[in-house]
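Taking it in order: structure first as structure tokens, then the write-up.
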Amino acid sequence: MANIKVDCVGETCPVPLVETRKALRKAEEGDIVEVIGTHPASKKEIPMAVKSLGLELIDTQEEGGVWRIRIRR
């Protein structure tokens, strides 16, 4: 269950990454941020950003061209 959902379906770079960063700044310690999108480059960029921020990437799933990334703050 995500505490914060970020819907970036149909958005292209850099919107998904920018919105993810905003959501992570708002999130409390231990919150789960779920990002949903369709842009292939963002699916690679967001996990890299999560790693550089030292946060936990819970999982990445993709179905029918729509990906979902869950991050623990």
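Bear in mind these aren't lab numbers, they're just calculated from the coordinates by the rules spelled out. From a predicted model like this one, the values you see are computed outputs, not experimental measurements. Reconstructed Cβ throughout: ideal geometry from the backbone, glycine too, with neighbour counts over all protein chains shown.
For this structure, a couple of remarks:
- Residues in segment 26-44 that are touching a strand residue (DSSP E or B) at 6+ places or on another chain (Cβ under 6 Å) and either among the hydroxyl-bearing types (Ser, Thr, Tyr) or under 22 Å from Gly65 (Cα atoms) (or both): Val33, Glu34, Val35, Ile36, Gly37, Thr38, Lys43.
- Considering segment 1-25, and only residues there that are of a type in the set (D, E, K, R) and touching a strand residue (DSSP E or B) at 6+ places or on another chain (Cβ under 7 Å), the residue that is farthest from Trp67 (Cα to Cα) turns out to be Glu19.
- Any chance Gly65 is in contact with a Ser or Thr (Cβ under 9 Å, 6 or more places away or on another chain) and surrounded by fewer than 16 Cβ atoms within 10 Å (Cβ to Cβ): yes
- Residue in segment 42-63 that is over 10 Å from the mean Cα position of the chain (by Cα), among the β-branched types (Val, Ile, Thr) and under 14 Å from Cys8 (Cα atoms) present: no
- When restricted to residues that are β-branched (Val, Ile, Thr), surrounded by 15 or more Cβ atoms within 10 Å (Cβ to Cβ) and outside any helix (DSSP H, G or I), segment 14-62 contains 6.
- Pairs where the first residue, in segment 27-49, is within 14 Å of Asp59 (Cα to Cα) and the second is part of a strand (DSSP E or B) and small (Gly, Ala, Ser), C-beta under 9 Å, 6+ apart: Lys43/Gly37; Ile46/Gly37
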